[in-house]
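So the structure is just underneath, and the comments pick up after that.
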Amino acid sequence: MAENEFVIEYEPTKKQRMFHATAADEVLFGGAAGGGKSKAIVMDALFRCLKFPKTHAFIFRRTYGELEDTIIKEAKESYPAGLYKYNGARHEMVLLNGSVIHFRHCAMASDMYNYKGAEIQWLYFDELTHFTKGMYDYLRTRLRAEKKLGIVPCVRSASNPG
């Protein structure tokens with residue numbers, strides 16, 4: 001079954017639609033807990049990876065525990081079964097079209113250097129206020145894509161107030 005044969009059940013809210021539709025290079029989706037921010041990140045990564053085969057989305061939280069409890073759980077519940085294979089040891093979802101959604105952590109400042117060789121097209125931060133400016137700025141330098149692919153790499157973040 002091809003990826004375009006899967007039914008993705010997702011009815012975005014007005015704020016989620018704005019988050020998905022913007023052409024800005026960097027976007028922050030802010031709001032109180034329960035506002036659909038994590039869902040928006042998970043779905044945005046899926047849509048971009050489906051639209052552009054063989055691309056890489058990296059979704060960051062401070063710890064793998066936080067990823068497992070929120071983002072990875074949301075992805076597993078939201079993505080159609082059969083559209084991806086999840087590798088728990090690597091914390092990655094490989095889509096049928098060759099794109100990969102990487103679930104990554106950056107608990108300490110030194111962890112950001114684990115990604116120095118990464119080629120990221122779609123960079124996501126869940127709970128952005130938990131990251132330092134240095135972490136954010138460094139990981140942004142990993143954004144790149146071949147111009148011939150017609151991809152403009154971007155950063156999408158979400159956070160609660162505070």
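The values are calculated or read from the model by the stated rules, or taken from the named source; none is laboratory data. Quantities reported herein were computed from a predicted structural model and do not represent experimental measurements. Glycine gets a Cβ as well: all are built from the backbone with ideal geometry, and neighbour counts include every protein chain shown. In case anyone asks, the SASA skips ligands and DNA or RNA and just uses the protein heavy atoms, side chains included. Shrake-Rupley method; radii C 1.70, N 1.55, O 1.52, S 1.80 Å.
For the reader, a short list of remarks on this structure follows.
- For C106, residues with placed amide H under 5 Å, excluding near neighbours: R61, R62, T63
- Accessible-area composition of the chain, carbon plus sulfur, in percent [1.4 Å probe]: 55
- Low-density loop cleavage sites - trypsin sites (Lys or Arg not before Pro) in the stretch 49-142, where at most 15 other Cβ are within 10 Å (DSSP): K54, R90, K116
- Cut-off of 10 Å, at most 15 other beta carbons, DSSP loop: longest stretch of the chain lacking such GluC sites (Glu not before Pro): 10-118
- In the full protein context, the stretch 1-105 carries 51 Å² of accessible surface per residue, based on a 1.4 Å probe and ignoring ligands, DNA and RNA.
- Proximity of backbone amide H atoms, modeled 1.01 Å from N, is registered between F29 and S157, A158, S159 at under 5 Å, excluding neighbours fewer than 5 places apart on the same chain.
- The stretch 20-162 - charge dipole about Cα centre, Lys and Arg +1 at Cβ, Asp and Glu -1, debye rounded to 20: 420
- Remark: relative contact order (the chain) = 30 percent; criterion is Cα-Cα distance under 8 angstrom and separation of 6 or more residues.
- Here the Karplus curve 6.51 cos²θ - 1.76 cosθ + 1.60, taken at θ = phi - 60°, turns the phi angles of the stretch 89-105 into couplings of 5, 9, 6, 9, 10, 9, 7, 4, 8, x, 6, 10, 9, 9, 9, 10, 10 Hz, with x standing for Gly and Pro.
- Each residue of the stretch 117-133 was assigned a 3J(HN,Hα) from its phi angle through the Karplus curve 6.51 cos²θ - 1.76 cosθ + 1.60 (θ = phi - 60°); the sequence is x, 5, 10, 10, 9, 10, 10, 10, 10, 9, 6, 3, 5, 7, 9, 7, 4 Hz, with glycine and proline shown as x.
- Given K15/K147; K15/K133; K54/K133; K54/K85; K51/K116, the pairs whose alpha carbons are separated by over 20 Å: K15/K147; K15/K133; K54/K133; K51/K116
- Computed over the stretch 1-106, the ratio Rg/Rh where both radii use C-alpha atoms and Rh is Kirkwood: 0.94
- Partners for K14 among lysines (Cα-Cα distance below 21 Å; same-chain residues under 8 apart left out): K37, K39
- Based on DSSP H segments of at least four residues, each scored -39500 (n - 2.57), the chain has a per-residue ellipticity at 222 nm of -7000 deg cm²/dmol.
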